[in-house]
């Protein structure tokens with residue numbers, strides 16, 4: 001094998017090794033980010049469920065507060 005071909009082979013192999021290491025680290029980082037995003041999505045979903053339940057009870061709460069206000073004004 002020619003000396004230039006051997007040097008080229010070494011350079012390409014080194015670049016490939018560096019790329020694989022960087023890709024592995026980036027993949028591990030992305031997996032961690034996606035796990036955190038899933039946790040955040042679950043907490044947002046539970047918060048939305050709680051808000052939905054609260055919004056369902058709002059007309060009753062408004063009615064009670066209006067009745068209390070009317071009673072206070074009459075006294």
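Taking the conditions exactly as written (at pLDDT 95 or above and surrounded by 10 or more Cβ atoms within 10 Å (Cβ to Cβ)), does residue 22 satisfy them or not?
Criteria met by residue 22.
Criterion first (free of Cβ contacts under 8 Å to residues at least 40 places away in the same chain, assigned to a helix (DSSP H, G or I) and loosely packed, with under 10 Cβ neighbours inside 10 Å) does residue 14 satisfy it?
no
The values are calculated or read from the model by the stated rules, or taken from the named source; none is laboratory data. Quick caveat, the model's predicted, so the values are computed rather than measured. Every residue, glycine among them, receives a Cβ derived from its backbone with ideal geometry; neighbour counts consider all protein chains shown.
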